[in-house]
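Comments concern the structure below.
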Amino acid sequence: MMRAWYTFTYVLWILGEIVKGSFAVAAGVYSPRTRSSPAIVEYPLRATTDLEIIAMASSITITPGTLVVGTAHGTLEEGPSLFVHVLFAASREQVVEDLREMEQRLLRASRGPGGAEAALLPRRSRSAVDERFADGRAVRRIRAAGHRTGPGGHAGPGGSSHEQSREQEEDER
């Protein structure tokens, strides 16, 4: 029930941001002097699921005066990032703070009241090079099935069945 409330308040908040952004863009367009101060900032996400990342990117892009211009693939040590173009940037620090507020509200809506704080926990590190990347789990599954994964890949299951079942359990977490 709490997530429904947070989702409702997030939708109302984002609608308010859309209205504010619309007025800011209109004022910038119709002003006799240039009011824009554009900037592109990298925003490291705390969101981890595809749905959360898509919702965050969509929320940014739907807000007038902001646009997601790129993404950076996350690793298990470092999360994904969005590159955001802002038309009216008071400062880069203020842009990051505003994005942090948006993400905080979004994570509360998607995970519940303590959801955003859980995103601050450190990521687990893995030793294999392929496994630095989030899709390293897919590479392990392909290798376990006996398929080559590219130059230097091997054709057989890597290790004992006990190791494979342990890795599958880690993937499901």
**OP:** Leaving out ligands and nucleic acids, note down the accessible area per residue over the range 34-121 with a 1.4 angstrom probe, in whole Å².
**Re:** 52 Å²
**OP:** Identify the GluC sites (Glu not before Pro) of the range 1-82 meeting these criteria: DSSP loop state and at most 13 other C-beta atoms within 10 Å of the C-beta.
**Re:** 77, 78
Subject >> Within the range 1-91, percent of DSSP bridges classed antiparallel, to nearest 5 >> reply: 90 percent
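The values are calculated or read from the model by the stated rules, or taken from the named source; none is laboratory data. Predicted model, so just to flag it, every value in this text is computed and none were measured. Here Cβ is always computed from backbone atoms with ideal geometry, including for glycine, and neighbour counts include all displayed protein chains. Only protein heavy atoms, including side chains, enter the accessible area calculation; ligands, DNA and RNA are left aside. Shrake-Rupley method; radii C 1.70, N 1.55, O 1.52, S 1.80 Å.
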